[in-house]
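The values are calculated or read from the model by the stated rules, or taken from the named source; none is laboratory data. Note that the structure is predicted; figures quoted are calculated from it, not measured. So basically every Cβ, Gly included, is an ideal-geometry build from the backbone, and we count neighbours across all protein chains shown.
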Amino acid sequence: MKLVYLRSLFLITAIIVLSACTTTGNQALKNETQQSIAAKFQKGVSTKGEIISALGAPTETSFTSEGLEILRYEFARFTPKARNFIPYNFISVGSDGKKKELVVLLDENSLVKKLVMNESDIETLSGMAE
């Protein structure tokens, strides 16, 4: 009986640990807000080097049709839904989260031309019912 109890306790603990919070993206954005980003970087003053020094390498780099560089940073944090912990629940599982995205447009001199920070609620769902 003790062995069954210990195995059950181990299984429950493993499920909780494996389904804990998940984060993806650039950790530097974790504690940033629109206000903190606006205070750190000013249009026409801040350089590409200052941004990379403060936030690290961007998640994505692209260019406009005019040749201006765009730096994109993303960060997302997910927490599991309570229904994920129902035993033998294959019908519907998911998580709720927040996503932060910073998009920086640089001019031809690698100075900040435009800067946009967005934060949104996101949800992931999977299973037979989704």
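Name the single residue, out of those in the range 44-84 being basic (Lys, Arg) and at pLDDT below 95, that is farthest from the chain's Cα centre (by Cα).
Here is the first cut: in the range 44-84, the residues basic (Lys, Arg) are 48, 72, 77, 81, 83.
Remaining after also requiring at pLDDT below 95: 77, 81, 83.
Values: Arg77: 5, Lys81: 17, Arg83: 22 Å.
The qualifying residue farthest from the chain's Cα centre (by Cα) is Arg83.
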Determine the pairs where a residue that is over 17 Å from Asn118 (Cα atoms), located within the range 33-53, has a partner that is among the charged types (D, E, K, R) and part of a helix (DSSP H, G or I) with Cβ atoms under 8 Å apart, the partner being 6 or more residues away or on another chain. Ser46/Lys40
What about Lys99, is it within 30 Å of Lys113 (Cβ to Cβ), at pLDDT 70 or above and either touching a strand residue (DSSP E or B) at 6+ places or on another chain (Cβ under 9 Å) or surrounded by fewer than 12 Cβ atoms within 10 Å (Cβ to Cβ) (or both)? yes
Top-ranked residue in the range 36-56 [being in a helix (DSSP H, G or I) and of a type in the set (Ser, Thr, Tyr); ranked as nearest to Leu106 (Cα to Cα)]: Ser53
In the range 20-65, what residues are exposed (fewer than 14 other Cβ atoms within 10 Å of the Cβ) and at positive phi? Gly44, Gly56
